[in-house]
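**Student:** I am attaching a structure below and will ask some questions about it afterwards.
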Amino acid sequence: MSEPTEPRWTRKHLLGLEELSADEIKIVLDTALSFKEVSTRSVKKVPALRGRVMVNAFFEDSTRTRTSFALAAQRLSADILDFSEKTSSTSKGETLIDTARNIEAMGVDIIVLRHKAAGSAHLLARSVKCSVVNAGDGSHEHPTQGLLDLYTIRERFGKIEGLKVAIVGDIANSRVARSNIWALTKFGAKVFLVGPPTLLSKSFESLGAKVVHNFDSIVGDMDVINMLRVQFERIQSSQFPSVREFTRMYGLTWDRFQRCKKDVFIMHPGPMNRGIEIQSDIADGPQSGILTQVTNGLAVRMAVLYLVSQVGGQS
Amino acid sequence: MTILIKNGVVIDPSQKLEKKLDVLLKDGKIAAVGAGASSANADRVIDAAGKYVTPGLIDIHVHFREPGDEEEETVASGAAAAVAGGFTTVCCMPNTKPTLDNEAQIEFILRESQRVGLANVYPTGAITKGREGKELAEIGQMHERGAVGFTDDGVGVGDASVMRKALQYANMFDTVLMQHCEEPTLSKGAMHAGLVSNTLGMPAVPAEAEQLMIARDLLLNRTINCRYHVQHISTAWSVELIRRGKRDGQRVTAEVAPHHLLLTDESCRTFDTNFKMNPPLRTAADVAACIEGVKDGTIDLLATDHAPHLAEEKELEFQFAPNGIIGLECALALYIKALIEPGHIGWMKLIDMMTAKQAEIVKLKKGTLAVGADADVTIIDPNLKWKIDKEAFVSRSRNCPFHGWDVTGRAVTTIVNGEVKWQLPG
């Protein structure tokens with residue numbers, strides 16, 4: 001009798017979690033587990049990517065994701081190039097593809113891309129030979145955030161299956177929400193999306209989640225509550241009337257928190273608007289996993305960089 | 001110069017003809033059809049055995065990008081693409097740089113068409129100056145000079161008071177206003193708003209953007225009753241609105257493009273910008289409703305919305321890439337695939353929607369093989385199997401989502417004003 005073959009990582013790129021199987025996601029989480037230990041050593045470095053080059057190509061503001069990727073690459077002993085440009089490509093200027101090909105021509109192994117247009121990482125992956133890791137493409141996906149959230153939940157509960165997870169806020173414009181939905185549903189969590197209809201269309205149910213407009217109706221049943229950042233510009237586009245009203249209906253207030261399960265786990269992808277979507281003492285309290293998310297993000301990104309480079313590096 | 005087309009099956013919806021007949025062309029006109037043709041001596045004889053002989057195909061919705069974006073298409077390259085697709089007459093849209101919004105621009109297109117001497121290219125003029133939707137363009141002067149209709153295509157006329165005046169004013173000339181129906185306050189998006197856009201996190205345009213403007217225009221036009229044409233219809237409710245407008249006796253017509261009968265927003269999942277167009281690809285239910293609209297006559301004609309773009313423009317992020325695909329060289333085969341192969345309509349109706357119906361809307365004395373008419377003729381091999389190859393296109397652009405499709409049926413000879421302008425090689 002032959003042994004069942006171990007699932008192997010075969011992807012050169014990480015573009016999203018939609019296309020990943022549960023087995024593939026598990027490989028990332030398990031790899032991250034072994035890398036997390038590195039951060040506890042006095043010498044926080046392994047030679048896994050020595051001689052490799054990772055470029056952080058960020059076309060949109062980001063602090064934590066960019067630094068997390070940079071530190072993850074450093075801990076793997078990779079060389080790092082930082083590229084930031086806030087202007088978007090146009091038909092007359094240099095296109096994203098041209099920019100990427102120029103960077104690649106300098107001998108880059110992995111491009112980590114943050115860009116405001118959905119699908120930009122897919123466009124890049126079609127156009128360059130090196131690995132592409134999506135660090136957020138418009139409102140589409142933010143796979144490493146989805147992975148680190150999943151990792152953090154698994155670490156806390158020892159399992160994912162059967163957990164009730166609420167994702168609250170601006171779902172429509174959230175890449176974090178989408179990547180979380182894919183990751184969580186593949187592992188059998190029950191996902192509740194919470195927000196006003198202007199920021200949460202009913203068609204999200206086709207992704208396997210439950211759409212809820214009344215936060216209070218479910219808040220007491222949740223094992224995990226993941227609060228998304230409120231984007232103030234949505235007020236100008238009339239997606240909700242005021243911060244005050246948003247907080248009243250969808251904020252994690254002290255009053256709402258009192259009605260949560262005793263062991264509820266509170267998450268936030270950051271950066272937080274304290275006092276708006278989440279009350280400060282909840283964010284800083286014992287039920288909060290917010291800083292653990294950041295710590296785990298490092299391990300997860302090390303795992304992702306390591307895995308894609310093992311496939312992409314075989315040229 | 002005389003040409004005798006022998007042994008073909010004539011399909012001429014304008015005369016309700018579908019019969020094996022010979023056709024004689026003389027001095028740029030149809031000289032005889034049937035017995036009178038067969039006995040004539042001709043300078044050239046074309047054997048059309050096994051083929052259909054139809055009035056030259058017409059497409060009242062093309063973009064030839066001249067003046068302004070000649071690297072994408074010109075009147076010359078567009079007219080060449082037209083005849084290669086079996087089209088003898090096309091109407092180009094005014095969204096050029098500068099806009100076709102005065103008589104000099106109209107004159108330019110007509111002269112360029114004449115100079116090139118391939119397909120007949122007729123210009124449409126803008127409804128408003130610069131297509132800005134604010135002030136009426138000189139519709140009267142453009143009409144007099146030869147603009148066959150008016151449209152701000154690329155955008156709809158958003159301001160209801162401007163549109164109302166345009167309908168009132170244009171009605172004086174009994175010309176047609178063609179509307180790109182899209183309510184501007186709902187138009188900020190790169191694809192159809194629905195399940196797929198939601199999954200992709202892509203900014204999206206709801207179906208209501210199109211429906212609102214159709215409904216508004218039908219209301220505005222109820223008492224004015226100007227000839228009003230809905231361009232590139234794409235949603236189920238748009239079809240229903242037009243159906244009701246027609247039932248109420250309004251002078252409303254509508255066109256559809258091949259991609260809205262063959263593709264859905266599912267194609268956008270790969271972020272391939274060849275599937276980005278405006279109106280966007282909709283759902284399977286919308287496709288079914290458009291096909292139903294073709295079958296029951298709600299949709300009057302089959303257009304292409306031939307919209308050339310450079311490869312480097314289309315190689316952008318999906319939401320930043322320009323809208324549109326080219327269509328002239330594969331439209332006939334695609335319409336056969338969408339409508340004839342599944343048995344939705346027959347050849348007579350297909351040809352009617354690609355000839356006489358088009359001529360009627362832009363008031364051209366074309367789209368017929370009646371004796372004395374312009375000798376614009378297309379010979380179609382309905383059984384020819386071929387593969388759509390964008391690299392083989394005559395057009396300057398290559399933005400075609402149908403590249404690689406296996407199709408059946410193709411124009412093999414295109415005759416314009418009594419001269420063979422294109423023949424399928426081999």
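The values are calculated or read from the model by the stated rules, or taken from the named source; none is laboratory data. From a predicted model like this one, the values you see are computed outputs, not experimental measurements. When we count neighbours, we look across all protein chains shown, and the Cβ atoms used for this are built from the backbone with ideal geometry, even at glycine.
**Student:** Can you spot a residue in segment A:214-233 that is within 14 Å of another protein chain (Cβ to nearest Cβ) and free of Cβ contacts under 8 Å to residues at least 40 places away in the same chain?
**Tutor:** yes
**Student:** Out of the residues in segment B:190-244 that are over 25 Å from B:Arg269 (Cα atoms) and charged (D, E, K, R), state the one that is surrounded by the fewest Cβ atoms within 10 Å (Cβ to Cβ).
**Tutor:** Checking each candidate, the answer is B:Arg222.
**Student:** Of all strands (runs of 3 or more DSSP E) completely enclosed by segment B:3-72, which ones contain at least 3 residues that are under 22 Å from B:Ala333 (Cβ atoms)?
**Tutor:** Where strands (runs of 3 or more DSSP E) fall fully within segment B:3-72 and carry at least 3 residues being under 22 Å from B:Ala333 (Cβ atoms), they are B:9-12, B:52-55, B:57-62.
**Student:** Report every pair of residues separated by at least 6 positions or lying on different chains whose Cβ atoms are under 6 Å apart, first residue within segment A:255-271 and under 18 Å from A:Tyr151 (Cα atoms), second modelled with pLDDT under 95 and not in a loop (DSSP other than H, G, I, E, B).
**Tutor:** Pairs that qualify, where the first residue is under 18 Å from A:Tyr151 (Cα atoms) and the partner is modelled with pLDDT under 95 and not in a loop (DSSP other than H, G, I, E, B), are A:Gly270/A:Arg64.
**Student:** Out of all the residues in segment B:388-426, which are within 25 Å of B:Glu72 (Cα to Cα) and not in a loop (DSSP other than H, G, I, E, B)?
**Tutor:** B:Lys390, B:Glu391, B:Ala392, B:Arg410, B:Ala411, B:Thr414, B:Val416, B:Lys421, B:Trp422, B:Gln423
**Student:** Now for a separate question. Restricting to segment B:163-193, give me the number of residues that are part of a helix (DSSP H, G or I) and over 16 Å from B:Ser238 (Cα atoms).
**Tutor:** Counting residues in segment B:163-193 that are part of a helix (DSSP H, G or I) and over 16 Å from B:Ser238 (Cα atoms) gives 11.
**Student:** How about segment A:105-131: which of its residues are away from chain B (no Cβ under 14 Å) and more than 13 Å from A:Ile80 (Cα to Cα)?
**Tutor:** Within segment A:105-131, A:Ala105, A:Lys129, A:Cys130, A:Ser131 qualify.
**Student:** I would also like to ask the following. Among (1) surrounded by 18 or more Cβ atoms within 10 Å (Cβ to Cβ); (2) within 14 Å of another protein chain (Cβ to nearest Cβ); (3) over 18 Å from A:Pro269 (Cα atoms), there is one condition A:Leu193 misses while meeting the rest; what is its number?
**Tutor:** (3)
**Student:** Just one of A:Gly146, A:Gly136 is under 15 Å from the mean Cα position of the chain (by Cα), more than 9 Å from chain B (Cβ to nearest Cβ) and either farther than 19 Å from A:Gly289 by Cα or surrounded by fewer than 24 Cβ atoms within 10 Å (Cβ to Cβ) (or both); which is it?
**Tutor:** Answer to the check: A:Gly136.
**Student:** Would you check if there is a residue in segment B:303-323 being more than 14 Å from chain A (Cβ to nearest Cβ), on the phi > 0 side of the Ramachandran plot and more than 16 Å from the chain's Cα centre (by Cα)?
**Tutor:** No, segment B:303-323 contains no residue that is more than 14 Å from chain A (Cβ to nearest Cβ), on the phi > 0 side of the Ramachandran plot and more than 16 Å from the chain's Cα centre (by Cα).
**Student:** Right, next: Would you mind stating whether B:Thr96 is without any contact (Cβ under 8 Å) to a residue 40 or more places away in the chain and touching a Lys or Arg at 6+ places or on another chain (Cβ under 8 Å)?
**Tutor:** yes
**Student:** If A:Trp182 satisfies every condition in (1) within 13 Å of chain B (Cβ to nearest Cβ); (2) not in a helix (DSSP H, G or I) but one, which is the exception?
**Tutor:** A:Trp182 satisfies every listed condition except (2).
**Student:** How many of the residues making up segment B:230-261 are polar (S, T, N, Q) and in contact (Cβ under 8 Å) with a residue 60 or more places away in the chain?
**Tutor:** 2
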